[in-house]
Each structure stands twice: as structure tokens, then as C-alpha cells.
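Here the structure is laid out as C-alpha cells; the discussion comes afterwards.
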């Protein structure tokens, strides 16, 4: 294989690897975790929270939910309740619950944007 073809092959392989999801999400595990950890405050439908100022989670962008939960976990985003809830979450927990919540229909779902 020539040097140029080898570089193109390696470049293409790199694009393919980065395009693949880092890990498959398990929405069923995400649902269980969301019901245990999130529903009490954000509502069983994840739209009607116990306080109207609490965020609506149903249909929110998955990458946004993941970022926010990682920031609460690390302490980069401050909220005493959410910091405590996010602290023990694993990377997979965050992916799973974010996948589940983003798939729900609600005022933030992709169908209404």
C-alpha cells in the first residue's frame, strides 16, 4: 500500500471510530434510575416537577443532560441537592438516564422543536 493510501485508510478508520457511540445506552436501566432518583422532584412524567422552577427533563437533549449531570457530579455546577444525587452516578448511569429522559415526549421533545 502506498504512503498516501495508507494515510487515507488510517484517516478513514479514525473517522469511523470517532463516529461510533462511546457505549451503548440501556434505556431500561435509565428508566429505573430516573424513577428512583429523579421522579420525586421532577415529577413522574418528568415534566411536572414538585416546584414549577424545577427543570422539565422529558425530551431534553441527551448530550445536554449528560453534560449537566457530569457537571453536578464534579461540582462544576452547584446545587446541593443535585450535587448529592449526581455524585455516586457512574458514567453508564449518566448515559442511561440521559438516554431514557431524552426519548420521552414532552415540551422539550424533538418532535415539537
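Computed from the coordinates by the stated procedures, all read-outs in this text should not be read as laboratory data. Predicted, not measured: the structure shown is a model, and the values here were computed from it. Glycine also receives a Cβ, built like all others from the backbone with ideal geometry; neighbour counts cover every protein chain displayed.
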>> Give me the base-10 log of I(q)/I(0) for the stretch 24-112 at each q in 0.14, 0.26 Å⁻¹, Debye formula, one uniform scatterer per Cα, rounded to two decimals.
In response: -0.42, -1.49
> Roughly what would the spin-label model give for residue 90 and residue 64, points 7 Å off Cα along C-beta, in nm?
Replying inline: 2.8 nm
> Using r as the Cβ-Cβ distance of residue 105 and residue 76, and R0 as 30 Å, what FRET efficiency do you calculate, to the nearest 0.05?
Replying inline: 0.50
